[in-house]
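Student: Here it is, the structure, as structure tokens.
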Amino acid sequence: PGIGEVVARTLATELGDMTRFANERALFSYTGLTPSEYSSGASVRRGHISRQGSSRVRHLLVETAWRAMPRDGVLKEMFDRIAATRGKKRAIVAIARRLTGRIRACFRQGTTYAVGTYA
């Protein structure tokens, strides 16, 4: 849900072969959907998203998250829970990150997207 023909082609072109990412964290880092980190000794502070990679991919993933959320109850529930405490902007980035992980899993397993799954 939320991914049409144009978005699918753009993601396939920008991300390329999904097997090159060792894990989800590498993909999240590539898309720039991970928080930047300022660490010194035992102190760890996380800031805004890192904005690495293509801004076009980030924009598409966030827009896709907005479109997919009403169609997927699990994503909507997660968005509402995060938005209540952290705000809508942070919540939609979290949803985009979750959706990116699901897209990666579909590519790696060769399956179609299942609406409403927790795992």
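The values are calculated or read from the model by the stated rules, or taken from the named source; none is laboratory data. Model, not experiment: these values are computed from the prediction. Glycine also receives a Cβ, built like all others from the backbone with ideal geometry; neighbour counts cover every protein chain displayed. Keep in mind that these areas ignore ligands, DNA and RNA; they rest on the heavy atoms of the full protein, side chains included. Shrake-Rupley method; radii C 1.70, N 1.55, O 1.52, S 1.80 Å.
Student: Can we say residue 90 is in contact (Cβ under 8 Å) with a residue 60 or more places away in the chain and open to solvent by 90 Å² or more (accessible area, probe 1.4 Å)? Give the steps one after another, and end with the answer.
Tutor: Details: in contact (Cβ under 8 Å) with a residue 60 or more places away in the chain: no; open to solvent by 90 Å² or more (accessible area, probe 1.4 Å): yes.
When the stated conditions are applied, residue 90 does not pass them.
Student: Quick one: count up the residues across the stretch 93-111 that are under 15 Å from residue 63 (Cα atoms) and either open to solvent by less than 80 Å² (accessible area, probe 1.4 Å) or hydroxyl-bearing (Ser, Thr, Tyr) (or both). Before you say what the answer is, go through the steps one by one.
Tutor: Going through the stretch 93-111, the residues under 15 Å from residue 63 (Cα atoms) turn out to be 93-100, 103.
Then keep just the ones that are either open to solvent by less than 80 Å² (accessible area, probe 1.4 Å) or hydroxyl-bearing (Ser, Thr, Tyr) (or both); that gives 93-97, 99-100, 103.
Total meeting the criteria: 8.
Student: What number of residues in the stretch 70-87 are crowded, with 19+ Cβ neighbours inside 10 Å and touching a residue at least 60 places away in the same chain (Cβ under 8 Å)? I'd like the intermediate steps shown before the answer.
Tutor: Applying the first criterion (crowded, with 19+ Cβ neighbours inside 10 Å) to the stretch 70-87 yields 72, 75, 79.
Narrowing further to those that are touching a residue at least 60 places away in the same chain (Cβ under 8 Å): 72.
Going through the stretch 70-87 one residue at a time, the tally reaches 1.
Student: Quick one: count up the residues across the stretch 25-44 that are in a loop (DSSP other than H, G, I, E, B) and under 15 Å from the mean Cα position of the chain (by Cα).
Tutor: Pass one, the stretch 25-44, residues in a loop (DSSP other than H, G, I, E, B): 32-34, 41-42.
Add one more test, that the residue is under 15 Å from the mean Cα position of the chain (by Cα), and what stays is 32-34.
Of the residues in the stretch 25-44, 3 are in a loop (DSSP other than H, G, I, E, B) and under 15 Å from the mean Cα position of the chain (by Cα).
This table checks each residue for (1) farther than 18 Å from residue 8 by Cβ; (2) outside any strand (DSSP E or B).
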| site | (1), (2) |
| --- | --- |
| 46 | yes, no |
| 76 | yes, yes |
| 80 | yes, yes |
| 96 | no, yes |
| 111 | no, yes |
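Student: For the stretch 8-46, which positions are closer than 18 Å to residue 106 by Cβ and open to solvent by less than 30 Å² (accessible area, probe 1.4 Å)?
Tutor: Scanning the stretch 8-46 gives 11, 15, 18, 21, 27, 28, 31, 33.
Student: Still on this model: If we scan the stretch 50-64, do we find a residue that is in a helix (DSSP H, G or I), open to solvent by less than 80 Å² (accessible area, probe 1.4 Å) and either in contact with a strand residue (DSSP E or B) (Cβ under 9 Å, 6 or more places away or on another chain) or touching a residue at least 60 places away in the same chain (Cβ under 8 Å) (or both)?
Tutor: Among the residues of the stretch 50-64, at least one is in a helix (DSSP H, G or I), open to solvent by less than 80 Å² (accessible area, probe 1.4 Å) and either in contact with a strand residue (DSSP E or B) (Cβ under 9 Å, 6 or more places away or on another chain) or touching a residue at least 60 places away in the same chain (Cβ under 8 Å) (or both), which makes the answer yes.
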